Structures are given as C-alpha cells and as structure tokens.
Amino acid sequence: MGTSTHDLAPRRRLMIAAGALVVVAILVALAMATTGSNERRAPTATTGPPRIQTSAVPSGPAEERAGMPVGYSRDETGAVSAAIAFATASQRWLYFGDDEVEAAVRAIATPSSADELVASVVEEVSEAREQLGESPGRVWWLVRPLAWSVLDHSDEHATVEVWAVTVLSAVEVAAPQAEWRTFTVDLAWSGGDWTLEDIRDTAGPTPMVGPGDRPWDAIPFDEALEGFVRLDGEPVR
C-alpha cells in the first residue's frame, strides 16, 4: 500500500473529483487509518445512489438516463451545466454496481471515448467501493463543485474548467481529508446533447488550513456530524 498521490501523474479519469481521491487517497489514507468501530455500515453497490435533481431552466439537465443527468441546452450555459455534472459524477457512482457504472458512463460519453472511459472508471470505482466497504462505520463522501471557467465554446465543442473539492472520511479506512482539484472537461455535441469527450485534472488550487482548524480522526469526525443533513438530502451511509 505504498501508493502516493505524487506517484500518479494526472491522466484521463472519469472518476472525476474522485479519480484523484477515491482510489489514490483511500490507499494513502490506509497508512493514516484511525481505529475504532461503529455498528453502522459503509455504502455498498446496492444502497442506491443520490437522487438526481433535474432542472426547470433551459440549460438542463432535463432528464435522467442510466442514473445520470442528461439533456442540456446547446449553448454555453448548457455546456457549463454538463461539465459540472460530469466533474462530480463520482458522488453517485460509488453507490452503483459495475454494470450500472458502465451504463452511466456510456450515457454521457461520446461514442469514440466511451470504451476507454468505461474501462478506467469501472476499475477505479470497484476498487474504491471495496476499500470503503471495509469500514465498520459511516462513510462521509462528498464531491462538490466550487467554481467554473469556460475556456472555449462553439455549437459543436466546449472546454470547461471546474474547481472542486472532495471530502472523505471512513472509520478504519480513511482519516478525514479533503482534496482540491481543477478538472478540464472537453465536451462534444453528439446525439442532441453535450457529451464527455475527455477529462484531465491538476492539483489545486488548495487553500491553507484555517488557524483554528486541527486534524480529526474518523470517529470523532462522524460523531460531531451526528444529526446533520446533507444539502442534497441524501443520508450518510
């Protein structure tokens, strides 16, 4: 388990916001794992994904396909909405089985990129699910977009950067941690929707920890958040 985030160069990943964290940081966190137990179980492939919130605004998403938000307007606003959704898709895929992950990736990928993305994502999600499933407590797993920037846009293609943070904590598996990354999302208009053509990521920008902050272990982290409700309304599993 000697994997380090410094050992893995940025590459194409549809784990998006988790590609750098779900697999890599979980393995890194094993070296920092906290001790203790809890009767509540970590997420499994059958616990069900977070709900999709479709949008009434023209930019989309307008509907759900294979558990993914789809149906975006053919303009810059629609491209931004699609890029943000794709950049945080790992929030949902942790709760999918392998077949569901494959279907979800194919639902948003261009035909030319789908096979490569499926192979990468299914492997990464499966490993992450297995690692997190070893936790005897709840798993806090939040992937949140913070800001975006349009680098290029036309009727056929768009490139959008998304700055995102992932928060992860799992008793005996991963000490509470956050990772900040910027994802460059390449989109193509295909089949009447914005679809994923490619994605790249770089570390940061990463803010310093506040002067009043301190590291937490997973058990007190979870206990301090007892009774809190996630903004998306989903329970912590």
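The values are calculated or read from the model by the stated rules, or taken from the named source; none is laboratory data. Note that this is a predicted model, so its numbers are computed, not measured. Cβ: placed from backbone, ideal geometry, glycine included. Neighbour counts: every protein chain shown. The accessibility values were calculated without ligands, DNA or RNA, using every heavy atom of the protein model including side chains. Shrake-Rupley method; radii C 1.70, N 1.55, O 1.52, S 1.80 Å.
Worth a mention:
- Calculated FRET efficiency for the pair Asp115/Glu64, C-beta based, R₀ 22 Å, to 0.05: 0.45
- Accessible surface of the stretch 110-167, 1.4 Å probe, proportion on carbon and sulfur as whole %: 51 percent
- Between Ser126 and Asp75, the contour length at 0.36 nm per residue exceeds the Cα-Cα span by 14.9 nm.
- Rounded to the nearest 20 debye, the dipole size of the stretch 130-218 about its Cα centre is 520 debye, using +1 on the Cβ of Lys and Arg and -1 on the Cβ of Asp and Glu.
- Computed extension length for Leu231-Thr202: 7.8 nm, one decimal, from 0.36 nm per residue of separation with the Cα-Cα distance subtracted.
- Listed peptides 202-214, 82-94 by packing density, highest first (mean Cβ within 10 Å): 82-94, 202-214
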